Amino acid sequence: MGTPTRLATLAFSLLLLAFGAVGCNWTKFDDQAADAPVRSVGAPSGFDSHDFGKSITPLSTGRGSAAAFVATSLNGTHVVLVKVDSGGGVKSEAVSDSALVAAESSTITSVAEIPGGTPTSLLLGSPRVRDQDFGRVLTYTPPDPANSGMDDTAKTLLIPLLGSNDPGMGRGLAAGYLDGVAETADYVIGSDNEIAVVIDGVPANTAVGTTTVGVAPLACDVSYDAQQDNRFAVRRPILAARLWADPRGAAVQQLFVGAPRATGTGTLSILTVANGTLGCLASMAGPSAEFGHALAAGDANGDGVNDFLVVGAPGQQAFVYQGWPALVAPALPAALAITPTPMGVDFGFAVAALNVDGLPGDEVLISDPRATVGGKTGAGHVLIYKFDPAANAMVQVGEIAAHSPDTDENFGYTLNVLNFCRDAAAVAAGAVCPPAALSRILLVGAANEVFVYFRVGDNIPTPAGQTVADVRAP
Amino acid sequence: MIRMGLGRARGRRRPDRPQGGAGAVTSAFERSLARAGAAAALIGVLVALGGTAVAQMAPVVAPPVAGGEAAPDADLQAAKAEFETAQTLFIRDQYDQAAAHFLDAFARKPFSAFLFNAAVSYEKAQKLEKAAEFFQKYLDREPGAPDAASVKTRIEALRTILAPPAMPGVPGTTPAPVTPAALPALETKGLVVIDSKPQGATIYLDNKTNGVFAKTPWQGSLESKPVKLLLEAKGFKPEERSISPRSDKLVDVYIALSEEHFLGWVEIVSNVPGADVFIDRKDIGAIGKTPFTGHLKPGKHTVFLDRIGFKPVQQEIDVLPGTATQHMIKLEKSDDGWINVAGRGAYGASVSVDGKLACAAPCRTEVAPGVHRVVVRKGGFEDYEAELRVDRGAETTVEVSWSPRPSKRTAYVTAAVAAAFLGGGLYVGYLSNKNHDGVQNDIKASSAGPVTMVDSNDPRFSRGKWEAVGADVLFGVAALLAVSATVSFFSHGPDSVAAVDQRVIGFGPGVSSDGAGLAAWGRF
């Protein structure tokens, strides 16, 4: 073999060695994944299959991150605090078993953030303790990076109004300001048949079943049909929101309670606390049994004040009530029915109101987690609607689905809006996020997965040249 | 010109020769004896006994040539006819008639082989007394024949058989019971007759380097195989012809040499005999060794003499037509040495000395005294390389023991696999980059239809990542294989070795059959 051939072979080998040394950079895919406009959050350890993403509660602040939300398991005692940093990175912090010992190994299906505290605390609802027909509500304050010595053990919340054996106690939870005192948050605890209100730490009164409050014949139906489909029986919807100006204060909220049923018609009740007493302002029956399964309030005109309510009626419809804040209960706006085309499967299972197109005002997002998408049964999707004044109807303007839909992925099992603060310095300092740096982003839960959308609206008709920026952009 | 006869049909006549009689066997025989007795020259025959095929020569008496002018020989043709008739009868077991015809042939031409053949025929005919008689006549004419001893033994054996039985009752007088069947089988002899015009030409067989065979005229037996005859006579053009002697035939070769006055006769001698002689060109090979004689065309010629241990010499000679000249060329001892690559394995090897191709082995190359780097290469084997010292006037003989070069097949296969892995790596890397670019485009570009924006769990990330990892693995494996292939390509077996001997070539005074002079010698 001649010397030139040997040298050529040697050069070939060195070339291959160089290839081997340089090679392909596989870490660029990690960087690219981090830059993806949607962050997929997988199930932390301990969650059962098809469990994570079905109980999601956004938190008002990031608790040391740009955003944070709480996920619980529907099949075990697992509570996870998921933090999203300003770059889109995700970190999951599981609440230890010792911190949840009060749950007695029961599932925690409802979570509500108690506003006002620093850090804020959580209400944890466990409607079936030790698999029995009674529930329990716990208060829990996740560890605060700025206060490492705090007690982070969940405590049982005693509610004398409901009694310790009230079936399904904690199936629905809400917290807010119902009586006009902004310094102290009020709790709303729902059991299978009752709604109990704790105002400023003092039990007020309880609405039981079909309760007539206030001026007859107004009656708010707050009973809950625990016999309905298991898909809907996990928790009951209770929404504390301010849809019109209450003369008692700028922070006073109204209470919206859904009462879906297995048969008959579901109802939506509007309650308020006046003089320390929970009263019924209005009640409306929906067209279907599952009416009232999902509730969300939004700002249609972008003035910063909520002015419409979305009510889901899983099956084929959702309803939008708009006209507030000019109207005050018992006056009610006319309902705008939304029926998808083609027909859905569980359309209305989850609803949200969020500005996804960058134009002033929120759009209505309605999910159908069992819809067939891309030929995949049960893949699920979210449809986006916007009010068309000319037609006086809600018009679909977009659709959100997983990039790679999968069978029984149940995309849209939960829909939430998450506050995202892109000001990393403020976040690091624990300061209040500057309004200019605060964005509201979409959180879509699926079976075993949660999608965090840092950018939505690319396919939604917008004025020419307008683009929807990534909330992570500086 | 050449005239050559084989058998009766191809015979020719020599009108200047007296026609032999066709009388009785005895009278013809006696006439031939009388003519043979007048001849003074010696003739030689080859005698084959017991079926052996060994060629033997014996001088024979040359027939008289009237006026020195050769002519067609009618007696020879008649003798040939008789000879072939006798051979035919012999083959048919008609031995009496065969013997008579052999004797008729002898009557025509007194070749002693005819007597021998007649004796063999009589023995076959159980006429042992006549057989012994003609064996004895054969011996009388060929006392120095190579087979004389065996013929004499045969005569004694025949006479023992013919002797009267011993006296009964007398111990020790009973002869051994010998019968003709117990004697070794005998076959008749073939005959080759070579004559020329003029007679006295030198006969060479096959090649002049074999030396002088005989002078014409010559008759005798040769081995039964094709042979080339070369005839030369001073002042005549050399002739050469091929013949095929047979044991049952009389081959008659007559060559009339042409007088070639335009050629010159040269004799080239050197102080050291045995030097290779080249005329005008060396590339066509040596035409003989010194002392060399032959004809050359008139004019100037260049004579080259080569002799190991001596400097090559070339000398211009001038050849005149019709003349005979002798040229003495002196060889001087060489100042150089030699490298001789020899041995059975040398064929197919090339020899380089000091980086220059010297010759194709087996070969000898002349080099200046000193140390030389010698490289002997042969396909499929490791090279032999050595620094060899060559002394003045010495020959260094190199006999290489070749070490097989390891097969490069594994290296080629490994390199091919490495290339395949490289190709696979490039392809998988291409897929990875394609994934990356596709995802990047999806991330940046607005999508039409549903908002199916890329999420961080997009399978293309993991696919592209694993493809990148796979590509790197393939690159790595390819690199390792390439290194392995390189090592294989560079690896070699044990070096070829050689037995190196050096002998000193000298020269000094010497005496040989060719004469006295300087002789080369070697010390090993």
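Annotations
- Note on B:462-473: average number of Cβ atoms from other chains within 10 Å of each residue's Cβ is 4.
- Restriction of the chymotrypsin sites (Phe, Trp or Tyr not before Pro) in segment B:305-386 to DSSP coil positions whose beta-carbon has at most 16 other beta-carbons within 10 angstrom yields B:Y347.
- 3J(HN,Hα) along segment A:74-89, derived from phi through the Karplus expression 6.51 cos²θ - 1.76 cosθ + 1.60 where θ = phi - 60°, amounts to 8, 10, x, 8, 10, 10, 10, 9, 9, 10, 10, 7, 5, x, x, x Hz, with x in place of Gly and Pro.
- Taken as Cα centroids, segment A:170-198 and segment A:345-359 sit 25 Å apart, rounded to the nearest whole angstrom.
- For B:R246, the solvent-accessible surface with a 1.4 Å probe is about 120 Å², rounded to the nearest 10.
- Per-residue 3J(HN,Hα) values for segment A:191-198, derived from phi via the Karplus relation 6.51 cos²θ - 1.76 cosθ + 1.60 with θ = phi - 60°, read 10, 5, 10, 10, 10, 10, 10, 10 Hz in sequence order (x marks Gly and Pro).
- With DNA, RNA and ligands ignored, accessible area of B:E332 (1.4 Å probe; Å², nearest 10): 100 Å²
- Range of Cα positions in chain A per principal axis (Å), largest first: 108, 57, 42
- Local net charge near A:T272, Cβ-Cβ under 13 Å (Lys/Arg +1, Asp/Glu -1): -1
- Computed on chain A, with alpha-carbon pairs under 8 angstrom and 6+ residues apart, the relative contact order is 12 percent.
- Look at the Cα gyration tensor of segment A:8-124: its axes a ≥ b ≥ c give a/c of at least 1.5 with a/b over b/c, and that counts as prolate.
- The value given for segment B:350-478 is a Kirkwood hydrodynamic radius of 20.5 Å, derived from the mean inverse Cα-Cα separation.
- The Cα center of segment A:397-426 and the Cα center of segment B:329-396 differ in position by 88 Å.
- Measuring between alpha carbons in the structure, the pairs from B:K234/B:K333; B:K300/B:K330; B:K124/B:K249 lying more than 26 angstrom apart are B:K234/B:K333.
- In sequence order, calculated HN-Hα J values of segment B:285-290 (Karplus, 6.51, -1.76, 1.60; Hz; x Gly/Pro): x, 6, 9, x, 10, 6
- Inter-centroid distance (Cα atoms) of segment B:289-321 relative to segment A:227-301, Å: 134 Å
- Summing both sides, the accessible surface hidden between B and A at a 1.4 Å probe radius is close to 3700 Å².
- For A:L178, neighbours were defined as the other residues whose beta-carbon sits under 12 Å from its Cβ, and their charges (Lys and Arg +1, Asp and Glu -1) total -2.
- Expressed per residue, the C-alpha convex hull volume of segment B:275-355 stands at 134 Å³.
- Protein-only accessible surface order, largest first, of A:E104, B:E82 at 1.4 Å: A:E104, B:E82
- 5 angstrom amide H check on B:V390, placed H, neighbours 5+ away: B:G370, B:V371, B:H372
- Overall shape: prolate for segment A:60-114, with the ratio a/c of the largest to smallest alpha carbon gyration tensor axis at 1.5 or above and a/b above b/c.
- The listed peptides A:230-238, B:191-199, ordered by packing as a protection proxy, come out as B:191-199, A:230-238 (highest mean of other Cβ atoms within 10 Å first).
- Averaged over the residues of B:476-487, the number of partner chain Cβ atoms lying within 10 Å of the residue Cβ comes to 6.
- Amide H contacts for A:A289 (H built 1.01 Å from N in the peptide plane; partners 5 or more residues away or on another chain; cut-off under 5 Å): A:G266.
- Heavy-atom accessible area with a 1.4 Å probe sorts B:F262, B:F213, largest first, into B:F262, B:F213.
- Of the whole protein surface, A:Y187 contributes about 50 Å² of accessible area at a 1.4 Å probe radius.
- Extending 7 Å from the Cα toward the beta-carbon at both B:S150 and A:T339 defines two label points whose distance is 13.4 nm.
- Take each residue in A:34-46, count the other chain C-beta atoms within 10 Å of its C-beta, and the mean is 4.
- Taking every alpha-carbon pair under 8 Å whose residues sit at least 6 apart, segment A:321-368 reaches a relative contact order of 28 percent.
- Here is the short version for chain A: A:C24 have no other Cys C-beta closer than 4.7 Å.
- The number of Lys pairs in chain A with C-alpha atoms less than 25 Å apart, excluding pairs fewer than 8 positions apart on the same chain, is 8.
The values are calculated or read from the model by the stated rules, or taken from the named source; none is laboratory data. Quantities reported herein were computed from a predicted structural model and do not represent experimental measurements. Note that each Cβ is placed from the backbone with ideal geometry, even for glycine, and that neighbours are counted across all protein chains shown. Just the protein is used for accessible areas: all its heavy atoms, side chains included, with ligands, DNA and RNA removed. Shrake-Rupley method; radii C 1.70, N 1.55, O 1.52, S 1.80 Å.
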